[in-house]
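First the structure, in the form of structure tokens, and then the observations on it.
The values are calculated or read from the model by the stated rules, or taken from the named source; none is laboratory data. Model, not experiment: these values are computed from the prediction. Neighbour counts are summed over all protein chains in view; Cβ atoms, including those assigned to glycine, are modelled from backbone coordinates with ideal geometry. Note: accessible area is taken over every heavy atom of the protein model, side chains too, but ligands, DNA and RNA are not part of it. Shrake-Rupley method; radii C 1.70, N 1.55, O 1.52, S 1.80 Å.
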Amino acid sequence: MLKRYLLAPGPTPVPSEALLAMAMPIIHHRSPDFLPVLDAAKNGLKWLYQTKNDVLIICSTGTGGMVGSVNNFFSPGDKALVINAGNFGERWTKICKAYNLYVEEIKIDWGYAVKPEDVEKALKKDPSIKGVFVQASETSTGVYHDIKTLASIVKKCKNTIFVVDAISALVAHDLKMDEWGIDVLIGGSQKGLMLPPGLAFVGVSEKAWKFAEKSTSPKFYFNFKKERESLAKNQTNFTSPVTLIIGLNECIKILQKEGLENAFKRHETLAHATREAVKAIGLEMFTKESPSNSVTAVNAPKGLDGQEIYKNLRVKYGITAAGGQGQAKGKIFRIAHLGYADTFDVITAIAGVEMTLKGMGHPVKLGAGVAVAEELLLK
Ligand SMILES: *Cc1c(COP(=O)(O)O)cnc(C)c1O
């Protein structure tokens, strides 16, 4: 037998309360049974997003929320400024190009965060830029971009909206949508929200809704104006993913019991302990600055393949963490501490890394990382 531990930056483990709630018989999405369910989800998401506006619930993975945020607020030929600091930044560029936006990139070496002044300069140089696209947490490199400062810069530009992919950052980082002035804030179910894959969430500011009025890009499945109208009646345009929304309400209940500030604090503490433990093992962080609270990206020691570390963790010890993506493939491995994660997820991950590296012939003092993690997580 091999007991499995899911420590990947999505999908993440789902709490039993949500699993059990999702096991109940299916209700019909147009029946009165469903209206209070969606109403609760709507209110819960507003709380999580720290916004007074409705947050759209889309039946798709997170990327669907990204695609919809391009084709609903922009038109062919519009200029997009993409902060490309990793695999998911690159995805913004690909989606914008697929909808015939004109893309200008701020390219950042993997492992580094964007300098907000570079965004400010680019916007000054070209006021025709319609949208600034970024990740809050760039999952491929473990970097958190300074969303608060970036929002304050874009907010000053009347003709520009700020579009944030927070799919791996929601719940792990404080993102004050209304207060900071984030225009479009995208989340996904299978990360910090502790749900199975299949839902995207999109928070939209009044400024962004004005952009939607002018958008001429083709829309059918991802039609946010129609979703907004449906949501006002506690409906979604097409068949609602009732099971996932029932699970969402359970997960929001768990988070409300914990409190939003405490959830951010928990992620910060777990991330810090993971980083310090990894260093105590003698490993180097791949992330060079501004590390994310969601995932820790670690360089594979010289002579070892990051994908092999990931594979050994999974095959020998049942721990599913993550390898590298794109240009970092083979060079790194990643450990998530996201969503339904606590002290012993970190201890498990660190112990697993120590044992795996030792098993691969790398000199490790067993327990060195675990001791540091225990110290930092002592209550
Ligand atoms: C996981 C993730 C996505 C979306 O992935 P899906 O597979 O479409 O759910 C997008 N951006 C970031 C930063 C992510 O971590």
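Checking every one of the GluC sites (Glu not before Pro) in the range 308-379 against DSSP loop status and a limit of 13 other Cβ atoms within 10 Å picks out no site at all.
Kirkwood radius for the range 122-198, taken over all pairs of different Cα atoms as the inverse mean of 1/r, rounds to 13.1 Å.
Dipole of the chain computed with +1 at Lys/Arg Cβ and -1 at Asp/Glu Cβ about the Cα centre; of G326, S205, C96, farthest Cα towards the positive end is C96. Ligands, DNA and RNA left out, the accessible area of the chain computed with a 1.4 Å probe is 55% carbon and sulfur. Taking the DSSP bridge list for the chain and keeping only pairs wholly inside it, about 50 percent are antiparallel. A 1.4 Å probe, protein heavy atoms only, puts the accessible area of I26 near 120 Å².
Put the Cα centre of the range 352-374 next to the Cα centre of the range 168-196 and the gap is 33 Å.
Among the trypsin sites (Lys or Arg not before Pro) in the range 1-70, those placed in a DSSP loop whose Cβ has at most 16 other Cβ atoms within 10 Å are K3, R4, R30, K52.
Of the trypsin sites (Lys or Arg not before Pro) found in the range 167-253, those that fall in a DSSP loop while having at most 13 other beta-carbon atoms within 10 Å are K233. The mean sequence separation of alpha-carbon pairs under 8 Å and at least six residues apart, normalised by the residue count of the chain, gives a relative contact order of 23 percent. Within the shell defined by Cβ-Cβ distances under 15 Å, the residues around A322 carry a net charge of +3, with Lys and Arg each +1 and Asp and Glu each -1. D33 exposes around 90 Å² of accessible area when a 1.4 Å probe is run over every protein chain in place. Rolling a 1.4 Å probe over the protein chains gives F211 an accessible area of about 30 Å². Put L38, L304 in order of accessible area, highest first, and with a 1.4 Å probe you get L304, L38.
Which whole number in µm²/s is D for the range 253-321 by Stokes-Einstein, with the Kirkwood Rh taken over Cα pairs at 10 °C and 1.306 mPa s? Translational D for this selection: 115 µm²/s.
Based on the Stokes-Einstein relation at 25 °C and a viscosity of 0.890 mPa s, and on the Kirkwood radius from alpha carbon pairs, the range 16-257 is assigned a translational diffusion coefficient of 136 µm²/s. Taking amide H atoms as placed 1.01 Å from N in the peptide plane, list the residues 5 or more away in sequence, or in a different chain, whose amide H sits under 5 Å from that of Q135. Here the answer is D165, since their amide H atoms fall under 5 Å of that of Q135. Using the Karplus relation 6.51 cos²θ - 1.76 cosθ + 1.60 with θ = phi - 60°, the per-residue 3J(HN,Hα) values for the range 165-170 come to 7, 10, 4, 9, 9, 3 Hz, with x marking Gly and Pro. Based on protein heavy atoms only, the chain ends up with 42 Å² per residue of surface accessible to a 1.4 Å probe.
Connecting C-alpha atoms closer than 10 Å in a GNM of the chain, tell me which of F220, F344, F162 has the biggest fluctuation. In the Gaussian network model the winner is F220.
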